[in-house]
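Participant: Here you go, one structure.
The values are calculated or read from the model by the stated rules, or taken from the named source; none is laboratory data. Predicted model only: the values in this text are computed from it and were never measured. We place every Cβ from the backbone using ideal geometry, glycine too, and count neighbours over all the protein chains shown. We work out accessible area using only protein heavy atoms, side chains counted, and drop any ligands, DNA or RNA first. Shrake-Rupley method; radii C 1.70, N 1.55, O 1.52, S 1.80 Å.
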Amino acid sequence: MIRESLPDLANPELDEAVARKAARAATLLRNIARDYAPVVFANSLGAEDMVLTDLIWRGEIDIAIFSLDTGRLPVETYELIHRAEKHYGRKLDVFFPRHEAVEAYSRTHGSHGFYDSVEARKACCHTRKVEPLSRALTGRGAWVTGLRAAQSATRNKLKVISQDTANNLVKASPLTDWSEAEVWYYLRTNRVPYNALHDRNYPSIGCAPCTRAIQPGEDVRAGRWWWENADTKECGLHRRPDGALVRASAEAMAGKAELEAPPGAGRSRIEETQDSGLHLVHGRLERVAQRGDRS
């Protein structure tokens, strides 16, 4: 985040809010782990995901944690993996893209073809992130993400619990209503390791060629795929709800979620969205899942 906006640690109201939300998130994580085992957390190694890593590993919650190594991560992200594993005495599972898919993409688009069009960029994201994620989620009952509703226009309808129809899993986002200040208050007061790029005005960090620092006043995700329109800025790991995701009752915060499909949640509605693919019930992705290509 922008260094000047770091939260004041001597703020009793913020302290109370973070303690309350952290306890609620931990309860949700335990309930998800109990009700949908086996559960996995997809750790992108951003600030929010380090909050969840701390809650899961320090709280000894039965949720496995993995990360995706796209092959183009910043060196600071690899350094964070090393520091986090030493800090907690645990090892992250790491999934990689299939080399033949990366080679095929490079032959078609070149090493930096993702700058040429949204379609080429989403194809790169699918190769390096979406497909490895689908393998990582195989056999799981639910997965956890560090998404926040305030992060971008594509996430402003984010639900705490939803149904990931592309992967046929329950999807939990325990930090949905957290502010950026609350995330950083938690990290600082609990001395949680984080990516050094955050100290250089990188609030959102992805692959190195697709991430830049932001300026004061810019949206927190302005540095991701900065050459694109804000409405297309998703890699495919997460899609906008737009009525397509299954919603859950607020009871999920205290116990098992009661999932219910909203009216009109059909394929035509979903395919009209501007996301890049993974959480869409998109014909091509459904066929991949049906063929068993995720194994």
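Participant: Of 10, 17, 101, which residue is small (Gly, Ala, Ser) and closer than 28 Å to residue 141 by Cα?
Facilitator: None of the other options fit; the residue is 101.
Participant: Oh, and also: Would you call residue 159 touching a strand residue (DSSP E or B) at 6+ places or on another chain (Cβ under 6 Å), open to solvent by 30 Å² or more (accessible area, probe 1.4 Å) and not β-branched (Val, Ile, Thr)?
Facilitator: Answer is yes for this residue.
Participant: I'd like to know if the range 132-143 contains one or more residues that are open to solvent by 20 Å² or more (accessible area, probe 1.4 Å) and more than 19 Å from residue 64 (Cα to Cα).
Facilitator: Checked against the condition, which is being open to solvent by 20 Å² or more (accessible area, probe 1.4 Å) and more than 19 Å from residue 64 (Cα to Cα), the range 132-143 yields no hits at all.
Participant: Another question about this same structure. Taking the range 111-125 as the region of interest, how many residues are assigned to a helix (DSSP H, G or I) and open to solvent by 30 Å² or more (accessible area, probe 1.4 Å)?
Facilitator: The qualifying residues number 5.
Participant: Tell me, please, whether a residue that is modelled with pLDDT of 90 or more, under 27 Å from residue 21 (Cα atoms) and in contact with a Ser or Thr (Cβ under 7 Å, 6 or more places away or on another chain) can be found in the range 180-199. Explain how you work it out, then say what you get.
Facilitator: Residues of the range 180-199 that are modelled with pLDDT of 90 or more, as a first pass: 180-199.
Applying the additional criterion that residues be under 27 Å from residue 21 (Cα atoms) yields 180-199.
Filter again for in contact with a Ser or Thr (Cβ under 7 Å, 6 or more places away or on another chain), leaving 195.
Checked the range 180-199: at least one residue is modelled with pLDDT of 90 or more, under 27 Å from residue 21 (Cα atoms) and in contact with a Ser or Thr (Cβ under 7 Å, 6 or more places away or on another chain).
Participant: Taking the conditions exactly as written (free of Cβ contacts under 8 Å to residues at least 40 places away in the same chain and of a type in the set (A, V, I, L, M, F, W, C)), does residue 184 satisfy them or not?
Facilitator: So residue 184 fails the test.
Participant: Given the residues 240, 224, which is the only one that is at pLDDT below 50 and either in contact with a strand residue (DSSP E or B) (Cβ under 9 Å, 6 or more places away or on another chain) or within 25 Å of residue 163 (Cα to Cα) (or both)?
Facilitator: 240
Participant: Test residue 178 against the criterion of being part of a loop (DSSP other than H, G, I, E, B), among the hydrophobic types (A, V, I, L, M, F, W, C), over 16 Å from residue 75 (Cα atoms) and in contact with a helix residue (DSSP H, G or I) (Cβ under 7 Å, 6 or more places away or on another chain), and give yes or no. Quick ask: steps written out before the conclusion?
Facilitator: Details: part of a loop (DSSP other than H, G, I, E, B): yes; among the hydrophobic types (A, V, I, L, M, F, W, C): yes; over 16 Å from residue 75 (Cα atoms): yes; in contact with a helix residue (DSSP H, G or I) (Cβ under 7 Å, 6 or more places away or on another chain): yes.
When the stated conditions are applied, residue 178 passes them.
Participant: Okay, next question. Of 184, 227, which residue is within 18 Å of the chain's Cα centre (by Cα) and among the aromatic types (Phe, Trp, Tyr)?
Facilitator: Criteria check complete, one pass: 184.
Participant: So residue 125 ticks every box in (1) touching a Gly at 6+ places or on another chain (Cβ under 9 Å); (2) without any contact (Cβ under 8 Å) to a residue 12 or more places away in the chain but one. Which box is left unticked?
Facilitator: (2)
Participant: May I pose another question? If residue 150 satisfies all but one of (1) more than 21 Å from residue 43 (Cβ to Cβ); (2) open to solvent by 40 Å² or more (accessible area, probe 1.4 Å); (3) not in a loop (DSSP other than H, G, I, E, B), what's the number of the condition it fails?
Facilitator: Status for residue 150: all satisfied but (1).
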